[in-house]
Amino acid sequence: MSHGHKGVAPAHQFESVEQQQRVARFGMWMFLISETMIFGALFTGYAVYWTLYPEAFQEAAQFLDVTYGTVMTVVLLVSSTTVALAITALEGDRRRLAAGLFGVTIALGLVFFVLKIIEYAEKIGDGLLPTRGFEYPGAESADQAQVFFSWYFVITGTHAVHLIVGLAAIGFVIWPILRGTYHAKYFSPVEGTGLYWHLVDVIWIFVFPLLYLMGRAGGMG
Amino acid sequence: MDDTRETDPAEGDAGPNYLRAGYSIRSWLLTTDHKRIAILYLVSLTVMFLVGGAAAVLLRLELISSEASLVSGDGYNKLFTLHGVIMIFFFLVPSIPAVFGNFLIPMMVGARDMAFPRINLASWYLYMTGAILGIAIIVGGGVDTGWTFYTPYSSTYANTHVILAVAGVFIAGFSSIFTGLNIVATVYAMRAPGLGWGRLPLFVWSLLATSLIILLATPVLAITLALVAVERATGIGIFDPGLGGDPVLFQHLFWFYSHPAVYIMILPSLGVVSEIVACFARKRIYGYPFMAGASIAIAILGFFVWGHHMFVSGQSVYAGIVFSFLSFLVAVPSAVKVFNWIATLHRGQISFETPMLYAFGFIGLFVVGGLTGLFTATIAVNVHIHDTYFVVAHFHYIMVGGALMGYLGALHFWWPKIMGRLYPERLARWSAIFVFLGFNLTFFPQFLLGYQGMPRRYHVYPQEFELLNVFSSGGAIFLGLGYLLPAIYLTWSLKYGRAAGPNPWGATGLEWTTASPPPSENFARTPRVTEPVYNYTGERQS
Amino acid sequence: MSGPREGFVSAFVVLALLLVLTVLTVVAAYAPIGVFHVPVALALAGLKSILVVLYYMHMRHGRSSDWVVIGTGLLLLAVLIGMILSDVVTRGWSG
Amino acid sequence: MLPEQASTVAADIDNLYFYLIAFSVVATALIVALIIAFAIRYRRREGAEPAHRDRENWKLEATWIVVPFILIIIAFAWGANLFVEVSVAPDDAEEIHVVGKQWMWHVRHPNGRREINELHVPTDRPIRLTLSSEDVVHSFYVPAFRVKQDAVPGRFTSMWFEATEPGEYHLFCAEYCGTDHSRMIGRVVALAPSEYERWVEAADDPLVSAGEELFHDMRCADCHTGEPDATGPDLFSRYGTAVAVEGEDELVRFDREHLRRALLDPGARVAEGYPAVMPTFRGRLSDREILKLAAFVEARAEDE
């Protein structure tokens, strides 16, 4: 598969490129699991308050927009697909295709981000920012609903921060791919970046039903 | 091995080594050599230890009298917060993994460097950023929440630099995640040919267990503290009951990290003691698989017991009883460790160099700390002693008696390897004994104070507790001096110590097969392991 | 590494599955299934994640060491969520 | 080395504590003795043969896994059993409300009588405290009773005890709560049932209790501690008597008017032998509040 690349030398601490890629992947998985624990803590907090204030939370969840949530989910799923395709392309040493697919990923990520900003702006415009100016129509459970929106902003906000980091990381690998720094024989940083982006996607796969879709049929457990 | 001044500075260290790889500041600050990064950590940790130690001395001086004498109430609160934050997050958590883990793990597995050298350097810079924030807080007027940052005090009521403090801890947290990640990746993938899992030194096993905790628990603390900062900065309701929140949730998330964090501090010391005991008893550690398994078991079990910090917090009675039961289980692998060390001594050839004295001291203090841990795990007794000096004494036996004795033991054991010089042995032995006695005088009275009911974090206290406090403060002065002695003679040895040679203790392990100090690439050529671990008895090669 | 681990076509097949599961998730949220909303939502999300992990993250060909990392992480995640919730749920049980 | 045993559970908890001590002492002695014995017996000698490697023995490992396990399970079961007793109040317990607030304890008895930093309880009757907090987490701790419970803002928690011996016991805040955490202390006064009835029925002037609260809020006791070396003179022993004032030959009667002037214009009449460091409360206390304070000082002076 190597099309005229010069011999690939491993970094000084490794015996072979093979070993280097294996270690990089292993290290990236450890980092991803660490990241997962961050969201684990956030979901724990969210679950605790659901348990404490089920009615108020169910009511408050109706203020989230299913359409936004669904569109954002689809956008992220497609962006994950383009990353997977890009890695496949790179493994086949089709570097321009890989770079192009990463470009599409960035575009999709930006679409997600813009949607997020619009959604935030709407929520803030409706007085649902859970701070001093919080205005909530369901008066008696306003305190508890405020907690719901706190977690909504904290969870989606933390996710958005990860999304931005992922976008930046992808931005940093595109040029080296085109230049040939990364290629079919050595692309560990690209693979790590891809894994990171997939994690951002997986987290959202859980955020979507657990925030946007709760209590839609009325009466939940 | 007597201390001697007939030194020949040139002897034995003529060859190139990592210390001579460059003398410029740049060559240190941009290094990716794991050994140099270890030295960077050693220096910065020592500075932080001195800052945290100075705070401890002030605290104990204040407590000599039951009245407010030296500092104001706020001043006292800031001092114990500073002491706790610095000692835990900026000294004990990074201590052995960042200094000795960094220096030794690649050497023990026969590798040229850590798996991710640049991330390793980044980890030190993150640590320094956190530490500088910590120092900035002192300059800027302090923080008074206690190292536990309990809400809603930290998120709403305190009017000190809480956000800066949690930012420092947050950043330091990622520093330790990077270190842990590097350690696991290095051990997993970079072992020398022939070095199977059953041949790893127990120090390596203990750091694997430590890294497991670091990787899985630290992120939870990081996000929890970030939430406190967010709540404080923006007023959105997360933990503050005034805004609909639940402060007990904070405690759960906090202790999910901070209890396992105790094992982050103690597990590496358990590994160090195994190395030292094997070396100075000239025997393979008895029950090696059980010792390795016990480290992993402590790490895993350590995740199931955090609720014993919350028996009187308003946690449910049922959860309390379950947490109590699980807490007891940790005692089993801890006991396995102690008994296997003793069995290792049996029919050994025991000698009493300084590292071995620290190892003996460690075992004694760890036994007391561990057994008093049973008191705190016993839920009905815990109701009485929770948040009293009993708990303060207990965790100092584990974290200072245990973790710090292990750190000092490691420092003395591997100092000749790291610096290529021997320290004055007799002086070092006396200071080890001095530290041990000073420690017990400081902290044993606190068990008694605690059961009598003296709450912790008290600036002034009823007169009847004064006598025992005077003993404790007296011990603290001894202990403080005891810690200064190694700083002095180890520094002295850098210039005047005798050259150590590759293996002054006659120890096994790959790190002793190369020069002291080691060359930049650690080994002249990749070692090949053909012997079982701790092969002190010269068994047949396999 | 020699040659791609996954083909272009499989990526699109997986995407199609993911989209179908997303539709199912939305439908299930509005379906009258009572207390099963949360378990069903979690099961569908779990299924989607498994697809992403196996195919997009290449764990179909993953090493056992990577699986150990994932498994340990998920175990501890379960401990975190499970034990905290067990406290919250049982708080009201005693007088 | 034990605090008094003044509640029904105190002796039980101490017994469990003694079991743990006995277990610990035996274990420590065993370990230390083995280490010392081996250290002497197997110390390194010149020219000795290399050490033997002991054959590993899983039975030995199993022994020191199983034996400690059994011994600690006893401690667990004993502790859990006792904990249920300590946590679950008897049905007939009398309920008293306690509210923690930086940095004092407010107590309200069932008949409405209030106290600050003091809790009067009858002996031989189970008392259930319902705890809450107005600000941060506090913890209500009575060492002599061996009980402790956090007061959590936004929630009610509860604890119970039954005092066995009449007397005065320490009350501590055990959860760090800010600047004056270590001064958030008080006393629990256990009275014989008949005396308690008398105490609880005693007229409780709302003016006096309001005054007591002000006395704490304005932190009067920071200086007027009642101790001989305090910054300010003891108010309660001097109230109603004639006191000496700096720069005046005549003694001055310490009455409501004197208190009022001392609060509003503290520099005018400084108690002899004390530094003139009292700040003015002009603008911080209304006339009505001064009246409340005076009522409290007067009532306390009569008590003493």
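Using packing as a proxy for protection, rank B:263-269, A:14-20, B:512-518 so that the peptide with the highest average count of other Cβ atoms within 10 Å comes first.
Packing order, densest peptide first, comes out as B:263-269, B:512-518, A:14-20.
I need the peptides D:25-31, D:246-252, C:44-50 ranked by packing, meaning the mean over residues of other C-beta atoms within 10 angstrom, with the highest value on top.
Working: D:25-31: 14.0, D:246-252: 10.7, C:44-50: 18.1.
Most protected by this proxy first, the peptides run C:44-50, D:25-31, D:246-252.
Between amide H atoms placed 1.01 Å from N, distances below 5 Å from D:Glu175 occur with D:Ser139, all of them 5 or more places distant or on a separate chain. Neighbouring Cβ atoms from other chains, within 10 Å of the Cβ of residues in B:449-461, number 6 on average. Rounded to two decimal places and with Rh computed the Kirkwood way over Cα pairs, what is Rg over Rh for chain B? So for chain B, dividing Rg by the Kirkwood Rh gives 0.96.
Label zone (B:Thr513, point 7 Å along Cα-to-C-beta; backbone nitrogen cut-off 16 Å) within segment B:170-194: B:190-194.
Helix B:117-140 axis versus longest C-alpha principal axis of chain B: approximately 40°, rounded to the nearest ten. Here segment A:39-55 is scanned for amide nitrogen atoms under 17 Å from the site 7 Å beyond the Cα of C:Val38 along Cα-to-Cβ, giving A:40-55.
Counting Cβ atoms of other protein chains within 10 Å of each residue's Cβ and taking the mean over peptide A:125-137 gives 2. Measuring against 28 Å, Cα to Cα, the residue pairs B:Lys78/D:Lys148; B:Lys78/D:Lys292; B:Lys35/B:Lys495; B:Lys337/D:Lys148; B:Lys283/D:Lys59 contain B:Lys78/D:Lys292; B:Lys337/D:Lys148 as the ones spanning a longer distance.
Computed over chain D, the Cα gyration tensor eigenvalues convert (square root of 5λ each) into semi-axes of 55, 27, 17 Å, ordered from largest to smallest.
Can you give the FRET efficiency for C:Leu75 and B:Trp197, using 1/(1 + (r/R0)^6), R0 = 30 Å, r = Cβ-Cβ distance, to the nearest 0.05?
Values: r = 20 Å, r/R0 = 0.68.
That pair, C:Leu75 with B:Trp197, gives E of 0.90.
The magnitude of the dipole of the protein assembly as shown, with charges of +1 and -1 set on the Cβ of Lys/Arg and Asp/Glu and taken from the Cα centre, is near 6340 debye.
Relative to the Cα centre, the charge distribution of chain D, modelled as +1 at Lys and Arg Cβ and -1 at Asp and Glu Cβ, gives a dipole magnitude of about 1580 debye.
Between the residues A:Ile170, A:Ser79, A:Gly69, the greatest Cα displacement towards the positive end of the dipole of chain A, with unit charges on the Cβ of Lys, Arg, Asp and Glu, is found for A:Ile170.
Only alpha carbons enter this Debye calculation for segment B:9-98, each as an equal point scatterer, and the log10 of I(q)/I(0) it gives at q = 0.22 Å⁻¹ is -1.03. Efficiency by 1/(1 + (r/R0)^6): what FRET value for B:Arg525 and B:Leu485, r their Cβ-Cβ distance, R0 = 41 Å, to the nearest 0.05? Given R0 = 41 Å and the Cβ-Cβ separation, E is 0.55.
Compactness of chain C was expressed as the Cα radius of gyration divided by 2.2 N^0.38 Å, which yields 1.46. Averaging Cα coordinates gives a centre for segment C:22-74 and one for segment B:291-365; these two points are 37 Å apart. Judged by the mean number of other Cβ atoms found within 10 Å, the most tightly packed of the peptides B:213-220, A:208-215, B:488-495 leads the ranking B:213-220, A:208-215, B:488-495.
Relative to the current alpha-carbon distance between A:Trp175 and A:Asp126, full extension at 0.36 nm per residue lengthens the span by 13.4 nm. Counted by neighbouring Cβ atoms within 10 Å, the residues D:Asp287, D:Asp229 run from fewest to most as D:Asp229, D:Asp287. Within 10 Å of the Cβ of each residue in B:170-177, the mean number of Cβ atoms contributed by other protein chains is 1. Expressed in Å, the radius of gyration and Dmax of the Cα atoms of the protein assembly as shown are 32.4, 110.
Here the Karplus relation 6.51 cos²θ - 1.76 cosθ + 1.60, evaluated at θ = phi - 60°, turns the backbone of segment A:112-118 into coupling constants of 4, 5, 5, 4, 4, 5, 4 Hz, with x for every Gly and Pro.
Placing pseudo-labels 7 Å out from each Cα toward the beta carbon at D:Ala202 and B:Val71 gives an inter-label distance of 4.1 nm. When the Gaussian network model of chain D links Cα atoms closer than 10 Å, the mean-square fluctuations of D:Glu118, D:Glu85, D:Glu168 top out at D:Glu85.
Among the DSSP helices (H) of chain D, those spanning at least 20 angstrom by Cα along their long axis with an average Kyte-Doolittle hydropathy of -1.0 or more are D:10-41, D:58-87, D:287-303; this is a geometric and hydropathy rule only. A simple spin-label model places the labels of B:Leu427 and C:Val23 8.1 nm from each other, with each point 7 Å out along Cα-to-Cβ. Each Lys and Arg Cβ is given +1 and each Asp and Glu Cβ -1; about its Cα centre, chain B then shows a dipole of about 1340 debye.
Less than 5 angstrom separates the built amide H of D:Glu95 from those of D:Arg128, all sequence-distant by 5 or more or on a different chain. Amide H to amide H, with H built 1.01 Å from N, D:Trp160 comes under 5 Å of D:Leu129, counting only residues 5 or more places away or on other chains. Simple spin-label estimate for A:Val165 and D:Arg108 gives 4.9 nm between the two label positions (7 Å along the Cα-to-Cβ direction from each Cα). What the Cβ-Cβ distance of B:Ala21 and D:Ala301 gives, at R0 = 56 Å and to the nearest 0.05, is a FRET efficiency of 0.10.
In chain A, taking the dipole from charged Cβ atoms about the Cα centre, the farthest positive-side position among A:Val8, A:Met28, A:Ser150 is held by A:Val8. The residue list D:Gly232, D:Ala294, D:Ala221 was ranked by how far each Cα lies along the charge dipole of segment D:206-303 toward its positive end, using unit charges on Cβ atoms, and D:Ala294 comes out on top. Using θ = phi - 60° in the Karplus curve 6.51 cos²θ - 1.76 cosθ + 1.60, the 3J(HN,Hα) couplings for segment B:295-307 round to 4, 5, 4, 4, 4, 6, 4, x, 7, 9, 10, 4, x Hz; x is entered for Gly and Pro.
A short reminder: the numbers here are calculations on the coordinates, not readings from a lab. As the structure is a computational prediction, the values presented were derived from the model and not from experiment. Note that we place each Cβ from the backbone using ideal geometry, even for glycine, and neighbour counts take in every protein chain shown.
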